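The values are calculated or read from the model by the stated rules, or taken from the named source; none is laboratory data. No experiment lies behind these values; they were computed from the predicted model shown. Virtual Cβ from ideal backbone geometry, glycine too; neighbours counted across all protein chains shown.
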Amino acid sequence: MPRVLVLFHSTYGNLERMADAMAEGARSEGAEVAVKRVPELLSAEQIRAMGAKPNTAPIAAPEELPDYDAVIVGTPTRYGRMATQMAHFWDQTGAIWSRGALVGKVGGAFTSAATKHGGLEVTLLALHTLLLHHGMMVAGLPYPQPGEIRPEEIAGMSPCGATTVAGARFQGAHIARLAARLAG
């Protein structure tokens, strides 16, 4: 049974919902899943002033990343890039990188934005770059993902990673299957 970490940052709750869907998908494949968030950098006062939703998930530490067979990273798209909180978390992984502690593990990414073309794929590709620098194998969201490709409307599909809750469930299951094959 692979161990999967769904690591996220969420300001208004959207990414937290997607993280839960990602975990649901991974668990459907028999994976042991932990859902954790990166530490918040804003003060409680700033969060209240923004009308943000406080996160309740446990906080992850960079040192625990090697404990997992797969790491799925989710961050909101902020000005066409990942949130500062997520970048700050990964900026602390130099020792893990120098040991090659994540080499050969499975990684994936997911995001959302307030607008349809708000930099979603740019954010996903930036997350892929982080994972690739750590020697991880990146798993996207393969076509065709059931329910995401519909000729009558745009549903939020990207082969780079999930940008919708339905896509997150599918990608979570896909990554858990890959991690199980590699761990087995």
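Give the residues of segment 159-180 that are small (G, A, S) and either outside any loop (DSSP other than H, G, I, E, B) or surrounded by fewer than 20 Cβ atoms within 10 Å (Cβ to Cβ) (or both), sorted by residue number.
A162, A166, G167, A168, G172, A173, A176, A179, A180
Can you report the number of residues in segment 1-26 which are over 12 Å from the mean Cα position of the chain (by Cα) and of a type in the set (A, V, I, L, M)?
Looking only at that region, the number is 2.
Listed residues A83, A57; which is among the hydrophobic types (A, V, I, L, M, F, W, C) and closer than 15 Å to L130 by Cα?
Selected residue: A83, the only one of A83, A57 that is among the hydrophobic types (A, V, I, L, M, F, W, C) and closer than 15 Å to L130 by Cα.
From L42, L5, L15, which residue is closer than 21 Å to W97 by Cβ and not small (G, A, S)?
L5 is the lone residue from the list that is closer than 21 Å to W97 by Cβ and not small (G, A, S).
Can you give me the number of residues within segment 1-14 that are modelled with pLDDT of 95 or more, out of contact with any Lys or Arg (no Cβ under 8 Å at 6 or more places or on another chain) and closer than 20 Å to A166 by Cα?
Selection size over segment 1-14: 1.
Please work out if E64 is more than 15 Å from the chain's Cα centre (by Cα) and at pLDDT 95 or above.
Yes.
Name the pairs: first residue in segment 63-90 and in contact (Cβ under 8 Å) with a residue 12 or more places away in the chain, second residue of a type in the set (D, E), Cβ to Cβ under 8 Å, at least 6 apart or on different chains?
Hits for this filter: Q85/E40.
Mind listing whichever residues of segment 111-133 are touching a helix residue (DSSP H, G or I) at 6+ places or on another chain (Cβ under 6 Å), of a type outside the set (S, T, N, Q) and under 30 Å from A95 (Cβ atoms)?
L130
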